[in-house]
Structures are given as structure tokens and as C-alpha cells.
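Take a look at the structure set out below.
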Amino acid sequence: MTYPDTFEGFAVFNPSPETWSTVKKYEFTPKPFEDHDVDIKIQTCSICGSDVHSATNGWNKTNAYYPLVPGHEIIGKVVRLGPKVTDFKLGDRVGVGAQAQACLKCKICKSNNEIYCPHLVHTFGGVYQNQDGTETHSQGGYSNYARINDYFVFHIPEELSNEEAAPMLCAGITTFSPLVRNIPKELPEGQSKPRVGIVGLGGLGMMGIQWAHALGCETFVFSRTSRKKADAIKLGADQFIATAEDPDWVKKVEFDLDLVVCTANSAEGFDLNTYLRSLKIGGKWVNVGLPETPFTVSPRSFMANACFMGASHLGSHVEMIRMFKLAVEKGVRAWVEKIPISSDGVKEGLERCRYNKCRYRVALTDFDKAFA
Ligand code: NDP
């Protein structure tokens, strides 16, 4: 069988330490086509840190399934529309992020918080409860096609190339949402700009620095070494702090920041108690990175500056539209390295991401050749 009955993707078959990045072509049956669905012929998909956690089953999910096709920063062309889809036409260039479905009826969805809907389905690694009573595993964008509910499909502005836009669909929105929700609206006398810290310069950090700068913040970047300093400045950082190179680094920013968005994807050597000291009285720490082991933090650290700590998941439909508008207005672009999709290309991309070797996202390209 072929499209539209089956799709084909590059799947991880075994998350073991020896085989997690070895992918093979895999034919799978997508969810049944429903009235609000859009089928997309994929042209580009970039590689997120979450693809790596999922390929290795690093979060130890008991309901993880393999073969698993990762990928949730997807761009392509619309090739099929359900009868109730009104926002798109055949041939439109569109994108999809990490969320593929929500109930869109509950009070959470109705308050533009559908990313927290208890019925959400992630673009890959989730389970669709189909209208016909069956279940389908969701599979991601290292594939020839994606089938997604129209609410989670977005027009891509013509100013952005596929590769410049793809990482925005997850890395971009995941950093944009906590910034626009938490940047203080009022500042104390004598302070002209909100002061925002971004921890970690990987895919999310690369987007977060640009958003913070574009949103008019004084932007502080915390990276472990000075290796990425020049890039951080080009991305819009005002201050760069190499945390592993100066044991007293926190003294440079103590009680200074209104908000920190942390994108670190590992807790190894991560001293949260020290990072929290960078916050002002009542400042906020928002974690978006999802390390595989917990951080350790003492309640005394919160007492020192009455700071708050929380987390954030992706971003909403409304925020996605606002984010793309800002990208066009302020010239924000994802920095990517392109790799043609193939078994070797996916392996290379996943490993570059896992071992901190890409600047700052790998975008898989040339889907037409791989799936000819
Ligand atoms: P990357 O691998 O591209 O970047 C992660 C960065 O974190 C690294 O470049 C590094 O920056 C920093 N880092 C890693 N380990 C440590 C450590 N022990 N201490 C301090 N910094 C560290 O990953 P992504 O940016 O793609 O993703 C980051 C995390 O965000 C992942 O865990 C991912 O699963 C999660 N995520 C969460 C989402 C959400 O909705 N909350 C959505 C998407 C992703 P440096 O070299 O500068 O120190």
C-alpha cells in the first residue's frame, strides 16, 4: 500500500545505547482521515532535543513504543483537506509543531491553553483515540507525509525559508511562550528594560535569545563554556556568562534578573541553587528543558530572594501566530545545518544534537529524493 493508506518514515526500532540512533525505513498506517484533518507532504523536519530523549527512551516512559518515527518541527505542502477545514487550500506551505491534537472543547482549550489539555496528543510518541473507536500511535516528521488536525497546522510566512522556520515550530514556540507570559509588564524606577536570562545555548536557547532580544529585553545568556560566546552575541545577547569557567559567576548577576528560561537538557553538574541566586526578589524561573534526571534544590534557595519556579510546555495556537509575526517584523531566523534525510543523515543529525555538536539545529532536507 502507499499514500494515503500508509506513510513511510525513518524509525528508531530499539532505544538501547547501541542502537538508539540507527533508523530504518518503516511503513505505517496513519490515523483515519477525519473532517478537520490536513495531510502534508513533508519537505523539511528539524531535529529537537526531545527527539533524542525519545529515541533513547531517556525519560523511561513505560508507554513508549518502537518503531518510533521522531520529528515535530515539520514543514511541507498541503495535499489533502478534510471537508471542515477552512483556513488552508491545496498547495499551501504549512508547518506543524509538537502538538497534533487536543479536545478543543474543555475550559483549558477555550482559554488558549490547549497545550495543557488532558486529551492532547503529541505529533509523535502519542496515542490518537479515533472517532471510530480505534487507537493509532502518532508518528513524526522524519516521514513523507503527516496527518494533523487543522488547529495545529500553521501558515509559514513567505519571508522565511523552510529551514529558517522549521525549528520555530517547537524550539521557537517553547521559548516564546514563557517569555511573553512572564516578562514583567512594569519595571521599577531606574530600570529601562526587562532583564531576562536564557540558560543553555542549544536549539531552544538559540531561539530564546533572539525572542528575548526582539521583545526588548536585556538578555543574559548562561552557557557552560565560552565556546558559543560570539554566536550568543550575534543572536542578540547583551551579557554572556560561562558558568563552568568561573566558580564565582553568579556574583556578576546576583539579584539582577526578572526572569530566567532554562533550556538545559541534562541535570549533570547543574547547580540550580546557584542559578536561582541570579533572580531578583520575586523573580521567576521557568524550566522548559526536560532533563532525564531530577534537579536538586533546597527550599532555602527560594527563601533567599522569594523567587518562584515553574515550567512551560510548547505554546498555544494564538502564540504561534504572534511568534511568526514577530519573526518577520524583527528578522528572527533559526540557525540551522542542513542534512539530506536518509538513514545515515538521521543518525548523524540525532548524534550531533545529543553530543552538543550542532549550531544550533539540524534540518533534514531532500525528502523528495529519499521517498521517491
Ligand atoms: P539541545 O541539545 O539543542 O540544547 C540543550 C543545551 O542545554 C545544550 O546546548 C547546553 O548548552 C545545555 N545543557 C545541557 N546539559 C547541561 C547541563 N548539565 N548544565 C547546563 N546546561 C546544559 O536541546 P534542545 O534545545 O533541542 O532542547 C532542550 C531541552 O528542552 C530538551 O530537554 C528538550 O526535551 C526540551 N524541550 C521541552 C519542551 C517543552 O515544551 N518544555 C519542548 C521542546 C524541547 P551549553 O552548551 O550552552 O551549556
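The values are calculated or read from the model by the stated rules, or taken from the named source; none is laboratory data. Just so you know, these numbers come straight off a predicted model, no measurement behind them. FYI the Cβ positions are ideal-geometry reconstructions off the backbone, even for glycines, and counts take in every protein chain you see.
Please enumerate the residues belonging to segment 188-203 that are more than 13 Å from the ligand (Cβ to nearest atom) and touching a strand residue (DSSP E or B) at 6+ places or on another chain (Cβ under 7 Å).
Residues satisfying the conditions are 193, 194, 195, 196.
Output the number of residues of segment 67-99 satisfying the condition of being surrounded by 15 or more Cβ atoms within 10 Å (Cβ to Cβ) and either assigned to a loop (DSSP other than H, G, I, E, B) or at pLDDT below 95 (or both).
Looking only at that region, the number is 12.
So residue 229 passes all but one of these: (1) under 21 Å from residue 311 (Cα atoms); (2) among the basic types (Lys, Arg); (3) not in a loop (DSSP other than H, G, I, E, B). Which condition number does it fail?
Among (1) under 21 Å from residue 311 (Cα atoms); (2) among the basic types (Lys, Arg); (3) not in a loop (DSSP other than H, G, I, E, B), residue 229 violates only (1).
Going through segment 254-268 one residue at a time, which ones are in a loop (DSSP other than H, G, I, E, B) and either touching a residue at least 40 places away in the same chain (Cβ under 8 Å) or buried (at least 24 other Cβ atoms within 10 Å of the Cβ) (or both)? Steps first, please.
Pass one, segment 254-268, residues in a loop (DSSP other than H, G, I, E, B): 254-256, 263-268.
Scanning segment 254-268 gives 255, 256, 263, 264, 265.
Regarding segment 321-332, can at least one residue be identified that is under 14 Å from the mean Cα position of the chain (by Cα) and crowded, with 16+ Cβ neighbours inside 10 Å? Walk me through how you get there before you give the answer.
So in segment 321-332, the residues under 14 Å from the mean Cα position of the chain (by Cα) come out as 323.
Of the ones still in play, those that are also crowded, with 16+ Cβ neighbours inside 10 Å are 323.
Looking for residues that are under 14 Å from the mean Cα position of the chain (by Cα) and crowded, with 16+ Cβ neighbours inside 10 Å, one finds at least one in segment 321-332, hence yes.
Tell me, which residue of segment 204-214 that is touching a strand residue (DSSP E or B) at 6+ places or on another chain (Cβ under 8 Å) and under 15 Å from residue 315 (Cβ atoms) is nearest to the ligand (Cβ to nearest atom)?
First pass over segment 204-214, keeping only residues touching a strand residue (DSSP E or B) at 6+ places or on another chain (Cβ under 8 Å): 205-206, 208-209, 212-213.
If we keep only those that are under 15 Å from residue 315 (Cβ atoms) too, we end up with 208, 212.
Details: 208: 9, 212: 15 Å.
Ranking the candidates gives 208 first.
Among the residues that make up segment 350-368, is at least one of them surrounded by fewer than 20 Cβ atoms within 10 Å (Cβ to Cβ), at positive phi, modelled with pLDDT of 95 or more and away from the ligand (no atom under 16 Å from the Cβ)?
Step one: list which residues in segment 350-368 are surrounded by fewer than 20 Cβ atoms within 10 Å (Cβ to Cβ), which gives 351-352, 355-357, 359, 366, 368.
Those still in the list that are at positive phi too: 356, 366.
If we keep only those that are modelled with pLDDT of 95 or more as well, we get 356, 366.
Filter once more, keeping what is away from the ligand (no atom under 16 Å from the Cβ): 366.
Yes, segment 350-368 has at least one match.
List the residue pairs whose Cβ atoms are under 7 Å apart, where the first residue sits in segment 277-303 and is at positive phi, the second is crowded, with 16+ Cβ neighbours inside 10 Å, and the two are 6 or more positions apart or on different chains.
As it stands, the answer is 282/307, since those pairs meet every condition given.
Please name all residue pairs, on different chains or six or more residues apart, with Cβ atoms under 6 Å, provided the first residue is in segment 36-49 and is over 11 Å from residue 168 (Cα atoms) and the second residue is among the charged types (D, E, K, R) and more than 16 Å from the ligand (Cβ to nearest atom).
If the second residue must be among the charged types (D, E, K, R) and more than 16 Å from the ligand (Cβ to nearest atom), the pairs left are 36/84; 36/150; 37/147; 38/150; 39/80; 39/147; 41/77.
Can you find a residue in segment 122-139 that is surrounded by fewer than 23 Cβ atoms within 10 Å (Cβ to Cβ) and not assigned by TED's automatic domain parsing to the domain that holds residue 45?
Taking every residue of segment 122-139 in turn, none turns out to be surrounded by fewer than 23 Cβ atoms within 10 Å (Cβ to Cβ) and not assigned by TED's automatic domain parsing to the domain that holds residue 45.
Would it be correct to say that residue 234 is of a type outside the set (Gly, Ala, Ser), near the ligand (Cβ under 8 Å from one of its atoms) and part of a helix (DSSP H, G or I)? Spell out how you get there, then give the answer.
Details: of a type outside the set (Gly, Ala, Ser): yes; near the ligand (Cβ under 8 Å from one of its atoms): no; part of a helix (DSSP H, G or I): yes.
Against the criterion (of a type outside the set (Gly, Ala, Ser), near the ligand (Cβ under 8 Å from one of its atoms) and part of a helix (DSSP H, G or I)), residue 234 does not qualify.
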